[in-house]
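*Asks:* Right, I'll just put the structure down here and ask away after.
The values are calculated or read from the model by the stated rules, or taken from the named source; none is laboratory data. Everything quoted here is computed from the prediction, not taken from an experiment. Note that each Cβ is placed from the backbone with ideal geometry, even for glycine, and that neighbours are counted across all protein chains shown. Calculation scope for accessible area: heavy atoms of the full protein, side chains included, ligands and nucleic acids excluded. Shrake-Rupley method; radii C 1.70, N 1.55, O 1.52, S 1.80 Å.
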Amino acid sequence: MNYDANVFKAKANKKARNLWLVFALLLSANYGSDVSAGLRSVNYYITFLLLCWVPFFIGQLLLKIKGMATDLYKYEVAIGYGIFYTFVLCTSSSNIAFTYILPVTSLFVLYKDRGFMIFYGIANALIVILNTVLKYAGGINSAGDMKEFQLQLSCIILCYVCYVMSIKHLNQSDGAMMDSIKADLKRMVETVSHVKTASDSIVDGINVVRELAVENQHGANAVVSSNDELTVNNKNLQDCTASSLDMTADINTQVENVASLISQMVVLTKESGEHAKSSYSDLESVVETTNMMSQLSNEVEQVLHAFQNEFSMVKEETGTIDNISSQTNLLALNASIEAARAGEAGKGFAVVAEQIRTLSTETKDSSGQIRDALTRLDETSQKMTDAIGKTLKLIQITIEKVTQVNESVGAITKESSELGEHIQVIDSAMKEVESSNSHLVNNMEQFTHIVEAMTSCIENSGDTTKAMRSKYAETAVNVDNIEIVVEKLMTELGICGFMGVEDILPGMKAIITLNSDTAKQTEYHGVLAAQKNEGLVIKFDKPVPFNDMPLSCKLQVTVKNILYCWADARIASAVNKSENTFFINVNSRPTIVNRRKYPRMDISNSCTITVKKSKETFNGNLVNISANGFAFASDGKFFADCRGTEISVSVDDFPIPEISQLEGRIIRSSDNNGIYIVGCQMPEDNIDIMNYIEKIFN
């Protein structure tokens, strides 16, 4: 509510008028009853009513004319009621009539006008003195009466002294409060100036972040558009791939058929090879046999030639023998002739006998040569017989080999015919394969175009993503700057008293370090149990060695994402030592520190999420974790709208066995096609997790 002095003046005048009205009504009724009882005359009562109500209505008229906030009304009340009060006091025999002024004068304190109250007190004292003089002159002058008059005057003077002192105290209090307000206002103005400057910085940063967000949204839309195009191209690619797969299946079938035919051809070729090899072997045998027959023919020819020579020689020798026989016959004739002459010429017989002996010798020699020739002819004849026998055998073998070769050639011819048929089938299959390959080439060309389009989309998305990443980096810088500004602003607000112990709620985490423990700097962790005047009640997790209290300490309390720090807190007393509960005295404003950021590590462990308030449980997977926060994924519909919910998470196979239970407050939740990615902030920083993550990263 805005302060307006006239409003409060109007309220004071209104309250003074209302009190005057009530008091006038009460006195009018009281004095009216006195008139009806015969204690007062009618003329007195008429005078009373005139002096009572005329000033009242004059004051009411003044308020109408000057307004309810006029400063003149208090003077009109003082004068008008003073006249009425003087009449009543001087004409009344009541010992308490002097107090009729006190309700109205007590209301004058509302005006907090010390000079006006002193003036009115002096006037009231003079009225009481006037009443005393008149009463004394009228015969009311006994010692008791004089004591009564002294008490009345003393009471009036003391009342006004109290009023003046009260007004002075109120004015001093208001002055001190005003000075304090002015100081606070000065700090407020300075803080507002800082806030304004910080707000300008924040607004500038937010504008940059907003512009970057808009640009990133545009980039994201472009990426989404590229992804849509990629989806279409991927569909076309799938169609081409499916068609290619069908063709490949056909080709595969044809290839399998061709492979089967080739396998058969291989078998046939192998068999043909074996037949050819066998034919080759047989032909080699035929050639060898023919060579042998040729050699045998040559030998037979040589034998025949030798036989001819020998036969010619035998013929010659036979001629020789014929000659010898002729000569022998001649000789025999001659011998017969000579024998006839024996007697006469014995010498001639002797010559004949010598000739016969010579012929006989020659005949013997010719017979030997004929015998030798006949022997040689017998040998030659034997050789011829053997050669002819061998030749006949070779001819038989050759006939068999030629028959085998003929069979092999027939098999080769048949296999060649089958090979020709297979080759025709293979040729047909190869033509189909060629057609399929042509379709495949077309598909591959489409595939290439699609891949080029997809590559272009991916490159564009990559460029957009890189630009978005650079913008995110700039966003992060602006967010860091905003965070620094906000941290300074929070510190200023804390110094100016906007943040303090009243912000701390039960359940918040607290850490205490004894100022005397400068060497070890042992931290004692606890939870706020309650607030008390000028302090906090903290229940510690473990027994603590707090003796000889009070103990000077440092206190740190985690309030959401802010740390409230007191360097001069005191462990005042034990609330319940058996339960490790102690009262911590806090008599200053805290310093404000923003919670530091920690590196975040991706993780994938199954977990169970429990809502602390309702005890509902959900299954999920831990996504990432840092020293003061974590995120998990769950399909529970509960997490669609869950910001601010306190939860606990039990993690399976957590890398730090002693920390398998995490606690946190949900600060964000995003819907990823029915899977909610939920971010949580832990109530305090966990150094063990920080050390573990730094170890992993290092």
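*Asks:* Can you figure out the FRET efficiency of Glu229 with Lys532, using R₀ = 51 Å and their beta-carbon distance, to the nearest 0.05? Intermediate values should be presented prior to the final figure.
*Replies:* On the way: r = 66 Å, r/R0 = 1.29.
The formula returns an efficiency of 0.20 here.
*Asks:* On to the next question. If I take R0 = 45 Å and measure r between the Cβ atoms of Lys612 and Asn18 in this structure, what FRET efficiency does the formula 1/(1 + (r/R0)^6) give, to the nearest 0.05?
*Replies:* Numbers: r = 56 Å, r/R0 = 1.24.
Efficiency, rounded to the nearest 0.05: 0.20.
*Asks:* What ranking, highest mean first, results for peptides 686-698, 63-75, 121-133 when packing means the other Cβ atoms within 10 Å averaged over each residue?
*Replies:* The densest-packed peptide leads the list: 121-133, 63-75, 686-698.
*Asks:* Holding the Cα-Cα limit at 18 Å, pick out from Lys11/Lys168; Lys539/Lys615; Lys542/Lys577; Lys66/Lys168; Lys509/Lys637 the pairs that are longer than that.
*Replies:* On the way: Lys11/Lys168 21 Å; Lys539/Lys615 24 Å; Lys542/Lys577 11 Å; Lys66/Lys168 28 Å; Lys509/Lys637 30 Å.
Among Lys11/Lys168; Lys539/Lys615; Lys542/Lys577; Lys66/Lys168; Lys509/Lys637, the Cα-Cα distance tops 18 Å for Lys11/Lys168; Lys539/Lys615; Lys66/Lys168; Lys509/Lys637.
*Asks:* Can you give the accessible area per residue of the stretch 1-74, in Å², using a 1.4 Å probe?
*Replies:* Value for the stretch 1-74: 62 Å² per residue.
*Asks:* Give me the accessible area per residue for the stretch 605-687, probe 1.4 Å, as a whole number in Å².
*Replies:* 48 Å²
*Asks:* For Glu658 and Gln302 in one chain, what is 0.36 nm times their gap in residues minus the Cα-Cα distance, to one decimal in nm?
*Replies:* The Glu658-Gln302 span can extend by a further 116.6 nm.
*Asks:* Rounded to the nearest 0.05, what FRET efficiency do Ser263 and Asn442 have when you use their Cβ-Cβ distance and R0 = 25 Å?
*Replies:* In this case the efficiency is close to 0.20.
*Asks:* Further question: Expected output is a single nm value to one decimal: the length gained when fully extending between Ala137 and Ser516, i.e. 0.36 nm times separation in residues minus the C-alpha distance. What is it?
*Replies:* 128.2 nm
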